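Remarks on the structure that follows.
The values are calculated or read from the model by the stated rules, or taken from the named source; none is laboratory data. Treat the numbers as computed from the prediction; the structure is a model and nothing was measured. Cβ placement follows ideal geometry from the backbone for every residue including glycine, while neighbour counts extend to all protein chains displayed.
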Amino acid sequence: MRSRYTKAPIVDVLASHLVDYPSPTNLGYLWGVGSSAGLCLGIQIVTGIFLAMHYTCHVDLAFASVEHIMRDVNNGWLIRYIHANGASMFFITIYVHMFKNIYYGSYAHPRAALWCSGVVIFLITVLTAFLGYVLPWGQMSLWGATVITNLVSAIPLVGVSIVEWLWGGFSVDNATLNRFFSLHYLFPFLIAGLTISHLTLLHQTGNNNPLGVDTTTDKMPFYPYCYVKDLFVFLSFSVFFSVMVFFYPNALGHPDNYIPANPLVTPAHIVPEWYLLPFYAILRSIPNKLGGVLAMGGAILIMLTMPFTNSSVIRSSYFRPLYTKLFWVFAATCLVLMWIGQNVVESPYEEIGQVATVIYFLYFAAVIPFFGKFEDYLLRFNF
């Protein structure tokens, strides 16, 4: 579809991607969640810049500077609560977006590069969230950083040296906080750049749709038809976001992180933020330290294999009733892992976590590569 704007090249490019971009006519409201994730990223960048103006990156002053932002800076409490809860909102939109794409097969050919770029964005977002969790320098910040960075020591031969390089010394201290702050400030701009690349890849292949059928005829311009759905999703999500910020601003935070960091007192139970709990549960489900680290990293990296191991010729789960049941088992397993991640490592939580970890990896290692062939077999013999 040729753009209506042809006088200025930059206007022509923007119009072709935001106005005249041909979109399937049957797109649902779930397709607006990706746009909401982009808007959440923008909110995080803007609020993060304002917070950095008043934050003091020093182990003796970091906690006090956060309290200064909350109490003394004009509307500082609002900026801080939007940023803190915005991380959770960002991950909600990302998780919904990813599960939607898995359900409707948006990772399948010809969208392999698009899916892989999304997984890379997700991985960097996880790292950014972990770095940001350390900056308030509360008890959970200090000990969470200590536990997670210590995991790198499981790497044979060079693990201890890498940990000391990450710390900038022999313990989590001021040098560590400075490094984490610098990277936390930098990574969102890297994510923004990768997001632009992600959108470019999307517009090369076009949107998937609920039926999973590529068509070049049944299309409509993005504006004014599709953007209304995106706007409705974002405004609806903003209501939930606002309720959390104004009525339950601390509901998603850990109480121990409102206590100044003390290296002499270990919290009773060290846990990350809720959106990292599934991967933390996988880490703890493996008895071996190195195996746990590899499993935690592999839980994200294994998603890169989906476009290349997919064996189904049918893209959307809308036409795959047996696979749909397995998908919901997988989704329920992720929720179970989230629940396990916040519990102590003891029976029966340890055993449940191990079973859930096996199911999680079987979905990518067995269901995606082989279940499509099984479905073809059933169709061939009219089962």
Of all residues in segment 243-280, which are touching a residue at least 60 places away in the same chain (Cβ under 8 Å), among the polar types (S, T, N, Q) and out of contact with any strand residue (DSSP E or B) (no Cβ under 8 Å at 6 or more places or on another chain)?
262, 266
If we scan segment 115-136, do we find a residue that is of a type in the set (Gly, Ala, Ser), in the same structural domain as residue 207 (by TED's automatic domain parsing) and under 20 Å from residue 306 (Cα atoms)?
yes
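Residue-wise test of (1) without any contact (Cβ under 8 Å) to a residue 24 or more places away in the chain; (2) touching a Pro at 6+ places or on another chain (Cβ under 6 Å); (3) closer than 26 Å to residue 211 by Cα.
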| residue | (1), (2), (3) |
| --- | --- |
| 301 | no, no, no |
| 306 | no, no, yes |
| 314 | no, no, yes |
| 325 | yes, no, yes |
| 338 | no, yes, no |
| 350 | no, no, no |
| 354 | no, no, no |
| 358 | yes, no, no |
| 376 | no, no, yes |
Filter result (among the hydrophobic types (A, V, I, L, M, F, W, C), surrounded by 15 or more Cβ atoms within 10 Å (Cβ to Cβ) and out of contact with any Gly (no Cβ under 7 Å at 6 or more places or on another chain)) within segment 283-299:
293, 294, 295, 296, 299
Do we have any residue at all in segment 19-42 that's at pLDDT 95 or above and charged (D, E, K, R)?
no
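Rundown of residues vs (1) in a loop (DSSP other than H, G, I, E, B); (2) at pLDDT 95 or above, yes/no style:
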| position | (1), (2) |
| --- | --- |
| 153 | no, no |
| 156 | yes, no |
| 171 | yes, no |
| 187 | no, yes |
| 201 | no, no |
Got at least one residue in segment 367-381 being crowded, with 19+ Cβ neighbours inside 10 Å and part of a loop (DSSP other than H, G, I, E, B)?
no
Lone qualifier among 318, 349, 323 - being of a type in the set (Phe, Trp, Tyr), within 30 Å of residue 172 (Cβ to Cβ) and modelled with pLDDT under 95
349
Can we say residue 97 is in contact (Cβ under 8 Å) with a residue 40 or more places away in the chain, surrounded by fewer than 17 Cβ atoms within 10 Å (Cβ to Cβ) and within 22 Å of residue 364 (Cβ to Cβ)?
no
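For segment 32-106, which fully contained helices (runs of 4 or more DSSP H) count at least 1 residues that are not assigned by TED's automatic domain parsing to the domain that holds residue 131? Lay out the reasoning, then the answer.
On the way: elements: 33-52, 62-71, 76-103.
Those helices (runs of 4 or more DSSP H) do not exist here; none qualify.
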Would you mind finding the one in 124, 69, 148 that is at pLDDT 95 or above, on the phi < 0 side of the Ramachandran plot and crowded, with 17+ Cβ neighbours inside 10 Å?
69
Residue in segment 240-256 that is nearest to residue 89 (Cα to Cα), counting only those that are assigned to a helix (DSSP H, G or I) and over 21 Å from the mean Cα position of the chain (by Cα)
243
Taking the condition of being closer than 21 Å to residue 250 by Cα, in a helix (DSSP H, G or I) and aromatic (Phe, Trp, Tyr), how many residues in segment 115-146 meet it?
3
Tell me, which residue of segment 176-201 that is within 15 Å of the chain's Cα centre (by Cα) and β-branched (Val, Ile, Thr) is nearest to residue 114 (Cα to Cα)?
195
Collect the residues in segment 133-163 that are free of Cβ contacts under 8 Å to residues at least 60 places away in the same chain and under 23 Å from residue 61 (Cα atoms), keeping them in residue-number order.
134, 145, 146, 149
